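Below: the structure, in structure tokens.
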Amino acid sequence: MLSRRNFLSKFGWLSLWGTIGGLFMDKWFMPQGVSAKSNPKGLDTAEKYHQESKHSPLNIFTRIREPQPPLFKKYPASEKFKLPQDFKWTGISVEEAIVKRRSKRNFAPKPLSLKELSCLLHYAGGITDTHRGLRAAPSAGALYPIEIYPVIHRVEGIKPGIYHYSIEDHSLELLKTGDYRQKLSEYCLGQETAGRSAVAFIITAIFARTKWKYQHRAYRYVLIEAGGIGENIYLSAESMGLGACAVGAFFDDQINKELEIDGLKESAILVMVVGR
Ligand SMILES: Cc1cc2nc3c(=O)[nH]c(=O)nc-3n(C[C@H](O)[C@H](O)[C@H](O)COP(=O)(O)O)c2cc1C
């Protein structure tokens, strides 16, 4: 595990040079040439995106030309584990969970049960209306761009490793076995909580699912939806007597590489850690 001092010595210099470099990049490169012409208001990337993805009476019509991307990602060659379908939990009220919820970063070494993992995934983003295929968290146009990859450190009856949550049949697909505690902490900028947790849920987005209908506005929706799933995990963990924490600070490309996703069509956007 990376201590605070190790983290600073590993990444401190990097960020210092990054900051200095960033200041000069801004001063010397940003206001000139292309950016000055195409970006006369001097907006940063986020401001520019927000302005350009606003609805106006002229652009509310959606143009769907391509075939719809599939709603489910599948790993047909992977070993599959069916998760228990018993989601009954006599937890606290949703109001109580909202009030009591706090981000928890220290966890006991005791593992989660299979039922706890199963419930966390079901309440995070599982199918809650089998008739219509609707899920626990709302999704713009019911297009469900989010995928969940549990990195299991300590769950009874499951080998540690990286899995994909197959929402369609509520099962886990094994991507790779191994102890990822140290690596995940490093990927999360040295945050030890990622390795201390019993399970870390890497939340990714397949942007094309939402872009298919909402074009340039899709990116807003995808991030909002990740937040909804993150909150579901916070509240269900609270109700089950577990702790959770959102982790937004991570080296994107290192996580994408570990998951073997390209970081463009599909990219990690949030990590949620859970433990006892
Ligand atoms: C988008 C997002 C990213 C976050 N990233 C981190 C993180 O990288 N590390 C961390 O320890 N906490 C992270 N948090 C948790 C916040 O620090 C926490 O929610 C905040 O301090 C308020 O505390 P509370 O959640 O206990 O109410 C994140 C929260 C959100 C919503």
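The table below gives the values:
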item: Unit charges on C-beta of K, R, D, E only; dipole of the chain, Debye; result: 300
item: Among 268, 45, 136 - extreme Cα towards positive end, dipole of the chain, charges at beta-carbon; result: 45
item: Whether the stretch 31-161 is rounded, prolate or oblate, judged on the alpha carbon gyration tensor where a/c under 1.5 counts as rounded; result: prolate
item: From phi via Karplus (6.51, -1.76, 1.60), per-residue ³J(HN,Hα) for the stretch 241-252 in Hz, x at Gly/Pro; result: x, 10, x, 9, 8, 7, 10, x, 8, 8, 7, 3
item: Shape category assigned to the chain from the gyration tensor of Cα positions, a/c cut at 1.5; result: oblate
item: Filter on 115/213; 74/115; 73/159; 100/183 - keep pairs with C-alpha separation over 25 Å; result: 115/213; 100/183
item: Accessible solvent surface per residue of the chain, calculated while the other protein chains remain in place, 1.4 angstrom probe, Å²; result: 56
item: Under Karplus coefficients 6.51, -1.76 and 1.60, residue-wise ³J(HN,Hα) of the stretch 186-195 in Hz, glycine/proline x; result: 5, 4, 8, 6, x, 6, 5, 4, 5, x
item: The chain: most fluctuating residue of 160, 109, 67 per GNM, C-alpha cutoff 10 Å; result: 67
item: HN-Hα J in Hz across the stretch 136-146 - Karplus 6.51, -1.76, 1.60, θ = phi - 60°, x for Gly and Pro; result: 4, 9, x, 9, 4, x, 6, 9, 6, x, 8
item: Choice from 198, 226, 249 showing the highest fluctuation, given a GNM over the chain with Cα pairs closer than 10 Å; result: 249
item: Reduced Cα scattering model of the stretch 154-276, Debye log10 I(q)/I(0), q = 0.21 Å⁻¹; result: -1.40
item: The chain - percent of accessible surface contributed by carbon and sulfur, probe 1.4 Å; result: 60
item: Relative packing of peptides 51-57, 77-83, 187-193 - highest average C-beta neighbours within 10 Å first; result: 187-193, 77-83, 51-57
item: Residue-averaged 222 nm ellipticity for the chain, from DSSP H runs of 4+ at -39500 (n - 2.57), nearest 500; result: -10000 deg cm²/dmol
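The values are calculated or read from the model by the stated rules, or taken from the named source; none is laboratory data. The structure displayed is predicted, hence computed values, not measured ones. Cβ: placed from backbone, ideal geometry, glycine included. Neighbour counts: every protein chain shown. With ligands, DNA and RNA removed, areas are computed over all heavy atoms of the protein, side chains included. Shrake-Rupley method; radii C 1.70, N 1.55, O 1.52, S 1.80 Å.
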